Amino acid sequence: MPLGTNPSSKPASTLPGFESPEQRTAASYERELAAHKATEIELRKALARDEVLLRQKDDSIRQQKVLTEECHHRLLNNLQMIVALLLLQSRKEASAEAALRLSTTADRVRAIASLHHHLHSMDGTSTVDFKPYLDRLCRDHLTMSSSDERPDQVIAVDAIEVSLSTTIGIPLSLIVNELVTNAIKHGGGRITVTLAPSGTGHALSVSNAGSCLPEGFDPTACNGLGMALVSSLVAQIGGELRIDRGDDGDCTRFTVLFA
(Lines give C-alpha, C1' and ligand atoms only; values in the text may rest on other atoms or scores of the structure.)
Protein backbone atom coordinates (compact mmCIF):
# COMPACT_ATOMS: atom_id res chain seq x y z
CA MET A 1 0.00 0.00 0.00
CA PRO A 2 1.46 3.36 -0.95
CA LEU A 3 2.60 5.46 1.95
CA GLY A 4 0.07 8.15 3.09
CA THR A 5 -2.99 6.48 1.57
CA ASN A 6 -6.17 5.70 3.52
CA PRO A 7 -7.45 2.25 2.79
CA SER A 8 -10.99 3.33 3.64
CA SER A 9 -10.98 6.36 1.32
CA LYS A 10 -12.83 6.17 -1.97
CA PRO A 11 -12.38 8.11 -5.21
CA ALA A 12 -14.40 11.36 -5.26
CA SER A 13 -16.28 10.13 -8.32
CA THR A 14 -17.77 7.30 -6.24
CA LEU A 15 -19.11 9.53 -3.42
CA PRO A 16 -22.92 9.89 -3.21
CA GLY A 17 -24.30 12.93 -5.06
CA PHE A 18 -21.08 13.64 -6.92
CA GLU A 19 -21.22 13.88 -10.66
CA SER A 20 -18.11 14.09 -12.73
CA PRO A 21 -18.27 16.21 -15.91
CA GLU A 22 -18.53 12.96 -17.86
CA GLN A 23 -21.49 11.83 -15.72
CA ARG A 24 -23.49 15.10 -15.87
CA THR A 25 -26.52 14.95 -18.11
CA ALA A 26 -28.58 17.61 -19.84
CA ALA A 27 -31.17 17.25 -17.09
CA SER A 28 -28.71 18.22 -14.36
CA TYR A 29 -27.69 21.33 -16.32
CA GLU A 30 -31.36 22.23 -16.76
CA ARG A 31 -31.97 21.84 -13.01
CA GLU A 32 -29.01 24.11 -12.23
CA LEU A 33 -30.16 26.69 -14.79
CA ALA A 34 -33.66 26.66 -13.35
CA ALA A 35 -32.25 27.25 -9.85
CA HIS A 36 -30.23 30.23 -11.12
CA LYS A 37 -33.28 31.66 -12.87
CA ALA A 38 -35.37 31.28 -9.70
CA THR A 39 -32.67 33.11 -7.72
CA GLU A 40 -32.57 35.87 -10.35
CA ILE A 41 -36.34 36.28 -10.20
CA GLU A 42 -36.25 36.60 -6.40
CA LEU A 43 -33.46 39.18 -6.63
CA ARG A 44 -35.41 41.20 -9.20
CA LYS A 45 -38.49 41.13 -6.97
CA ALA A 46 -36.44 42.29 -3.98
CA LEU A 47 -34.90 45.08 -6.11
CA ALA A 48 -38.35 46.19 -7.26
CA ARG A 49 -39.57 46.30 -3.65
CA ASP A 50 -36.53 48.39 -2.67
CA GLU A 51 -37.16 50.81 -5.54
CA VAL A 52 -40.77 51.27 -4.41
CA LEU A 53 -39.62 51.94 -0.85
CA LEU A 54 -37.03 54.48 -2.07
CA ARG A 55 -39.66 56.30 -4.15
CA GLN A 56 -41.98 56.37 -1.15
CA LYS A 57 -39.17 57.73 1.02
CA ASP A 58 -38.34 60.43 -1.55
CA ASP A 59 -42.02 61.42 -1.73
CA SER A 60 -42.16 61.58 2.06
CA ILE A 61 -39.03 63.80 2.18
CA ARG A 62 -40.48 66.15 -0.46
CA GLN A 63 -43.77 66.38 1.44
CA GLN A 64 -41.87 67.06 4.67
CA LYS A 65 -39.91 69.88 3.00
CA VAL A 66 -43.12 71.41 1.67
CA LEU A 67 -44.72 71.24 5.12
CA THR A 68 -41.60 72.72 6.72
CA GLU A 69 -41.59 75.62 4.25
CA GLU A 70 -45.29 76.20 4.87
CA CYS A 71 -44.75 76.22 8.65
CA HIS A 72 -41.83 78.62 8.22
CA HIS A 73 -43.86 81.07 6.17
CA ARG A 74 -46.83 80.85 8.50
CA LEU A 75 -44.63 81.44 11.53
CA LEU A 76 -42.98 84.48 9.92
CA ASN A 77 -46.35 85.84 8.83
CA ASN A 78 -47.75 85.37 12.33
CA LEU A 79 -44.73 87.06 13.92
CA GLN A 80 -44.99 89.97 11.49
CA MET A 81 -48.69 90.26 12.25
CA ILE A 82 -47.93 90.34 15.98
CA VAL A 83 -45.34 93.09 15.39
CA ALA A 84 -47.84 95.11 13.33
CA LEU A 85 -50.56 94.73 15.96
CA LEU A 86 -48.22 95.76 18.77
CA LEU A 87 -47.04 98.83 16.87
CA LEU A 88 -50.61 99.74 15.95
CA GLN A 89 -51.70 99.46 19.56
CA SER A 90 -48.69 101.47 20.73
CA ARG A 91 -49.73 104.37 18.48
CA LYS A 92 -53.24 104.32 19.94
CA GLU A 93 -52.10 104.30 23.56
CA ALA A 94 -52.72 107.52 25.46
CA SER A 95 -50.03 106.59 27.97
CA ALA A 96 -46.52 107.22 26.69
CA GLU A 97 -45.15 104.54 29.02
CA ALA A 98 -47.59 101.89 27.74
CA ALA A 99 -46.84 102.88 24.14
CA LEU A 100 -43.12 102.48 24.77
CA ARG A 101 -43.60 99.06 26.34
CA LEU A 102 -45.64 97.86 23.36
CA SER A 103 -43.09 99.24 20.92
CA THR A 104 -40.25 97.54 22.80
CA THR A 105 -42.14 94.24 22.79
CA ALA A 106 -42.62 94.60 19.04
CA ASP A 107 -38.84 95.02 18.65
CA ARG A 108 -38.28 91.82 20.62
CA VAL A 109 -40.68 89.86 18.44
CA ARG A 110 -39.08 91.36 15.33
CA ALA A 111 -35.63 90.21 16.52
CA ILE A 112 -36.92 86.66 17.04
CA ALA A 113 -38.46 86.67 13.55
CA SER A 114 -35.19 87.91 12.04
CA LEU A 115 -33.15 85.19 13.71
CA HIS A 116 -35.67 82.51 12.72
CA HIS A 117 -35.47 83.65 9.10
CA HIS A 118 -31.66 83.69 9.24
CA LEU A 119 -31.50 80.15 10.64
CA HIS A 120 -34.03 78.88 8.13
CA SER A 121 -32.01 80.32 5.25
CA MET A 122 -29.10 78.19 6.48
CA ASP A 123 -31.16 75.03 5.87
CA GLY A 124 -31.83 74.00 9.43
CA THR A 125 -28.22 73.98 10.57
CA SER A 126 -27.50 73.67 14.28
CA THR A 127 -25.04 76.59 14.13
CA VAL A 128 -25.34 80.20 13.07
CA ASP A 129 -22.77 82.48 11.44
CA PHE A 130 -23.21 85.23 13.98
CA LYS A 131 -21.51 88.20 12.34
CA PRO A 132 -23.88 88.46 9.32
CA TYR A 133 -26.86 88.18 11.64
CA LEU A 134 -25.36 90.78 13.98
CA ASP A 135 -24.85 93.15 11.06
CA ARG A 136 -28.46 92.75 9.93
CA LEU A 137 -29.86 93.08 13.44
CA CYS A 138 -28.05 96.39 14.02
CA ARG A 139 -28.93 97.61 10.54
CA ASP A 140 -32.60 96.97 11.27
CA HIS A 141 -32.31 98.86 14.54
CA LEU A 142 -30.62 101.74 12.74
CA THR A 143 -33.37 101.85 10.13
CA MET A 144 -36.08 101.92 12.79
CA SER A 145 -34.36 104.53 14.95
CA SER A 146 -33.58 106.74 11.96
CA SER A 147 -37.25 106.83 11.04
CA ASP A 148 -38.16 108.14 14.50
CA GLU A 149 -36.65 110.95 16.55
CA ARG A 150 -33.00 109.82 16.07
CA PRO A 151 -32.14 110.57 12.42
CA ASP A 152 -28.42 110.93 13.30
CA GLN A 153 -28.13 107.63 15.19
CA VAL A 154 -25.02 105.58 14.35
CA ILE A 155 -24.59 101.87 15.17
CA ALA A 156 -21.19 100.38 14.35
CA VAL A 157 -20.46 96.66 14.36
CA ASP A 158 -16.94 95.33 14.92
CA ALA A 159 -17.22 91.56 15.06
CA ILE A 160 -15.10 88.56 14.15
CA GLU A 161 -16.38 85.77 11.95
CA VAL A 162 -17.58 83.04 14.28
CA SER A 163 -20.00 80.15 14.09
CA LEU A 164 -22.05 79.68 17.25
CA SER A 165 -24.41 76.89 18.21
CA THR A 166 -28.04 77.94 18.14
CA THR A 167 -28.24 77.29 21.89
CA ILE A 168 -25.79 80.18 22.27
CA GLY A 169 -26.66 82.24 19.18
CA ILE A 170 -30.38 82.61 19.87
CA PRO A 171 -30.09 83.88 23.48
CA LEU A 172 -27.11 86.05 22.50
CA SER A 173 -29.06 87.68 19.68
CA LEU A 174 -31.87 88.53 22.11
CA ILE A 175 -29.29 89.97 24.52
CA VAL A 176 -27.90 92.19 21.74
CA ASN A 177 -31.40 93.26 20.80
CA GLU A 178 -32.14 94.33 24.37
CA LEU A 179 -28.83 96.13 24.88
CA VAL A 180 -29.01 98.00 21.57
CA THR A 181 -32.63 98.96 22.26
CA ASN A 182 -31.58 100.20 25.69
CA ALA A 183 -28.64 102.15 24.23
CA ILE A 184 -30.91 103.85 21.68
CA LYS A 185 -33.43 104.69 24.37
CA HIS A 186 -31.06 105.99 27.06
CA GLY A 187 -27.78 106.71 25.31
CA GLY A 188 -26.74 109.14 22.70
CA GLY A 189 -24.40 109.42 19.74
CA ARG A 190 -22.48 106.43 18.49
CA ILE A 191 -23.39 102.89 19.58
CA THR A 192 -20.72 100.21 19.11
CA VAL A 193 -21.35 96.47 19.10
CA THR A 194 -18.19 94.37 19.42
CA LEU A 195 -17.60 90.62 19.29
CA ALA A 196 -14.04 89.46 19.93
CA PRO A 197 -12.08 86.54 21.45
CA SER A 198 -11.59 86.69 25.19
CA GLY A 199 -9.62 84.07 27.08
CA THR A 200 -11.03 80.66 26.18
CA GLY A 201 -14.27 82.14 24.88
CA HIS A 202 -15.66 85.34 23.44
CA ALA A 203 -16.78 88.74 24.64
CA LEU A 204 -19.73 90.59 23.18
CA SER A 205 -20.12 94.21 24.22
CA VAL A 206 -22.54 97.03 23.49
CA SER A 207 -21.33 100.51 24.37
CA ASN A 208 -22.69 103.99 23.81
CA ALA A 209 -21.76 107.58 24.49
CA GLY A 210 -24.08 109.66 26.61
CA SER A 211 -25.17 109.91 30.20
CA CYS A 212 -23.52 107.43 32.53
CA LEU A 213 -25.28 104.82 34.59
CA PRO A 214 -26.38 105.73 38.10
CA GLU A 215 -24.04 104.89 40.96
CA GLY A 216 -24.50 101.33 42.21
CA PHE A 217 -26.48 100.25 39.14
CA ASP A 218 -27.70 96.66 39.55
CA PRO A 219 -29.36 95.08 36.49
CA THR A 220 -31.08 92.43 38.60
CA ALA A 221 -32.77 95.13 40.69
CA CYS A 222 -34.28 96.97 37.72
CA ASN A 223 -38.04 97.12 37.44
CA GLY A 224 -37.93 97.03 33.64
CA LEU A 225 -38.26 93.76 31.75
CA GLY A 226 -35.27 94.48 29.50
CA MET A 227 -32.42 94.14 32.01
CA ALA A 228 -34.15 91.25 33.78
CA LEU A 229 -34.35 89.48 30.41
CA VAL A 230 -30.66 90.19 29.70
CA SER A 231 -29.59 88.82 33.09
CA SER A 232 -31.73 85.71 32.59
CA LEU A 233 -30.36 85.06 29.08
CA VAL A 234 -26.76 85.56 30.21
CA ALA A 235 -27.32 82.96 32.94
CA GLN A 236 -28.94 80.65 30.37
CA ILE A 237 -25.77 80.52 28.24
CA GLY A 238 -23.54 80.21 31.30
CA GLY A 239 -22.04 83.62 30.68
CA GLU A 240 -21.00 86.59 32.77
CA LEU A 241 -22.36 90.12 32.49
CA ARG A 242 -19.99 93.01 33.18
CA ILE A 243 -21.02 96.65 33.29
CA ASP A 244 -18.56 99.52 33.01
CA ARG A 245 -19.92 102.88 34.18
CA GLY A 246 -18.18 105.80 32.54
CA ASP A 247 -18.16 109.51 33.26
CA ASP A 248 -20.26 112.07 31.39
CA GLY A 249 -19.10 112.24 27.80
CA ASP A 250 -17.52 108.83 28.08
CA CYS A 251 -19.38 105.58 27.37
CA THR A 252 -21.32 102.92 29.19
CA ARG A 253 -20.40 99.40 28.21
CA PHE A 254 -22.29 96.15 28.76
CA THR A 255 -20.11 93.09 28.13
CA VAL A 256 -21.19 89.47 27.99
CA LEU A 257 -18.43 86.87 28.41
CA PHE A 258 -19.33 83.39 27.19
CA ALA A 259 -17.62 80.13 26.27
Quiz item: Using a Förster distance of 25 Å, how high is the FRET efficiency between LEU75 and LEU225, based on the Cβ-Cβ distance and rounded to 0.05?
Solution: 0.60
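How would you classify the range 42-122 from its alpha-carbon gyration tensor, with a ≥ b ≥ c the square roots of the eigenvalues: rounded for a/c under 1.5, else prolate if a/b is greater than b/c, otherwise oblate?
Values: a/c = 8.66, a/b = 4.93, b/c = 1.76.
Cα axes put the range 42-122 in the prolate bin.
Quick check on the range 22-81: take the gyration tensor over C-alpha atoms, sort the square-rooted eigenvalues as a ≥ b ≥ c, and tell me if it's rounded (a/c under 1.5), prolate or oblate.
Working: a/c = 15.52, a/b = 11.24, b/c = 1.38.
Prolate.
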Quiz item: In whole percent, how big is the carbon plus sulfur part of the accessible area of the range 37-130, probe 1.4 Å, protein atoms only?
Solution: 59
Quiz item: If the cut-off is a Cα-Cα distance under 17 Å, which lysines reach LYS37, setting aside same-chain residues fewer than 8 apart in sequence?
Solution: LYS45
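Counting only heavy atoms of protein chains, what accessible area per residue, in Å², does the range 40-141 have with a probe of 1.4 Å? Don't jump to the answer; show the numbers that get you there.
Details: 7040 Å² over 102 residues.
Solvent-accessible surface per residue comes out at 69 Å².
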Practice problem: Taking 7 Å along the Cα-to-C-beta vector as the label spot, tell me the LEU33-ARG190 distance in nanometres, rounded to one decimal. | Solution: 9.1
Practice problem: Give me the lysines in straight-line cross-link reach of LYS92: C-alpha distance below 30 Å, same-chain residues under 8 apart excluded. | Solution: LYS185
Quiz item: For LYS65, which lysines qualify as cross-link partners when the Cα separation must be under 19 Å and same-chain residues fewer than eight apart are set aside?
Solution: LYS57
Exercise. Mind checking the full-extension length gain between ALA46 and VAL154? Use 0.36 nm per residue of separation minus the Cα-Cα distance, one decimal, nm.
Key: 32.2 nm
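The values are calculated or read from the model by the stated rules, or taken from the named source; none is laboratory data. Bear in mind the structure is a predicted one, so any value in this text is a computation, not a measurement. All Cβ positions, even for glycine, are placed from backbone atoms using ideal geometry, and neighbour counts span all protein chains on display. Accessible surface is based on the protein model in full, side chains and every heavy atom, while ligands, DNA and RNA are left aside. Shrake-Rupley method; radii C 1.70, N 1.55, O 1.52, S 1.80 Å.
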